[in-house]
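Trainee: To start, I am sharing the structure in question, which I have written as structure tokens.
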Amino acid sequence: MRRLPRHGLPDGPGMRILLDFGAIKAGGGAQLASAFLGYLQQEATLGHEFALLIPATGPLAGMQHSVARLGTLVSPSSYRARLQFEHGELQRFIAARDIQAIYTFFGAGLPHPPSVNSVVSVAYPTLCYPESPYWRNAGLRERLQVGALDLMRIRRLRRATTIIVETDIMKERVSKSVRFPSKRIRVIPPFVSTHVRELRRADGGAVRRFVLVSNNYTHKNLWRLYAVAQRARASGLVDFTFHLTVDKRAYLQRLVGQTVDALILERHFVFLGPVAPQDIMQVYESADCVLSLSDLESFSNNYLEAWRVGLPLLASDRDFARAICGKSALYVDPHDPDSVVRGMLQVRADAGLRRTLVEEGRRRLRFLPDLRERTTLVLAELAAPAAGVSA
């Protein structure tokens, strides 16, 4: 991983910026958005004036933030209402507030006049992983819905001034799948949420509690955990629990068609339900290992947070995970219960391995920007439209 230069915050005249959080409904994006807004309020307005676009549902809904001197808009939940809003009220707002730049924190971008600089951070790996097992495991209806959404996202992304991705792999894949000039794609790694901190605990304890900080989407593969629990018990491993940040009812909906043993759920699953960003440390404080079984990621918060809190990491054996995590993770096949169980047993049995994973994670943290540095890089992109963009 490359070490980023240490810059000061950019000087120059302030801008009128619309911060677009409209597509962020849950998960790590909400954590990072909350931290970003808090930082802007405390440290980095630098004479800029901000407006906010927030979603109608999720952790960011109803947010009142004093950084939004130009006003706050709410993006409707329904697709039809959102399109009407984006082509009507939003455009009038952009004109009335003389918005000069839009920063889409995560999403596909917004319709905008040619004079407005649009910088879009994209985190839609479904766009650029057609070979992923996800497409085999999602049902027909989901495949059609996601495919249609991805076509819309591609059209939106092509209108961006600059696209921000978090890894070189995503840069290459996004450029190819979106057919977007590589020279207008910036690689800016993520920052670690300010809601997590390093845990200090003795390494000699047993590894029993595997935490999966994730939503319940198909590609996250939480639905594979029941088969993993069955296989673990059959192999003699019974002293373990999976701690999930989803509720039990939602999880069981993913197991429709399977015979579910209530005893396995009771003994081996802890359903925490959705966790607010500011409460995420409570999840890690009750965990011994971070487990990520995802088939699709741009740069998972799970990796960053495992590094920061100092927990060993089991991750999916996928190109994005290996490129990001290197030797800071032990890799398993999320669709092979035996592979996952072997990983669990290995990390339980080998204290030296756990120390190696944690130490490598801490080392990799040093190559990531902090919140101040990433904000600097983003503001620089907002102030300097990419070369070659026609008005």
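Trainee: Answer with yes or no whether residue 21 is crowded, with 21+ Cβ neighbours inside 10 Å, under 29 Å from residue 376 (Cβ atoms) and touching a residue at least 60 places away in the same chain (Cβ under 8 Å).
Mentor: Values: crowded, with 21+ Cβ neighbours inside 10 Å: yes; under 29 Å from residue 376 (Cβ atoms): yes; touching a residue at least 60 places away in the same chain (Cβ under 8 Å): yes.
Yes, satisfied.
Trainee: Are there strands (runs of 3 or more DSSP E) fully within the range 169-250 with at least 2 residues that are surrounded by 19 or more Cβ atoms within 10 Å (Cβ to Cβ) and not small (Gly, Ala, Ser)? List them.
Mentor: Working: elements: 185-187, 209-212, 241-244.
Output list reads 209-212, 241-244.
Trainee: Same structure, new question: Can you name the residue in the range 353-390 that is outside any helix (DSSP H, G or I) and in contact with a Ser or Thr (Cβ under 7 Å, 6 or more places away or on another chain) and, of all such residues, is modelled with the lowest pLDDT?
Mentor: Keep residues of the range 353-390 that are outside any helix (DSSP H, G or I), which gives 366-370, 384-390.
Checking which are in contact with a Ser or Thr (Cβ under 7 Å, 6 or more places away or on another chain) leaves us with 385-386, 389.
Values: 385: 60, 386: 46, 389: 49.
Selected residue: 386.
Trainee: OK, next. Is it true that some residue in the range 145-161 is surrounded by 20 or more Cβ atoms within 10 Å (Cβ to Cβ) and not in a helix (DSSP H, G or I)?
Mentor: Looking for residues that are surrounded by 20 or more Cβ atoms within 10 Å (Cβ to Cβ) and not in a helix (DSSP H, G or I), one finds at least one in the range 145-161, hence yes.
Trainee: To continue, here is another question. Hey, among 370, 319, which residue is over 19 Å from residue 28 (Cα atoms), out of contact with any strand residue (DSSP E or B) (no Cβ under 9 Å at 6 or more places or on another chain) and touching a residue at least 24 places away in the same chain (Cβ under 8 Å)? Before the answer, list the steps.
Mentor: Details: 370 fails: over 19 Å from residue 28 (Cα atoms).
Going through 370, 319 in turn, just one is over 19 Å from residue 28 (Cα atoms), out of contact with any strand residue (DSSP E or B) (no Cβ under 9 Å at 6 or more places or on another chain) and touching a residue at least 24 places away in the same chain (Cβ under 8 Å): 319.
The values are calculated or read from the model by the stated rules, or taken from the named source; none is laboratory data. Nothing here was measured: the structure is a model prediction, and the numbers come from that model. Glycine gets a Cβ as well: all are built from the backbone with ideal geometry, and neighbour counts include every protein chain shown.
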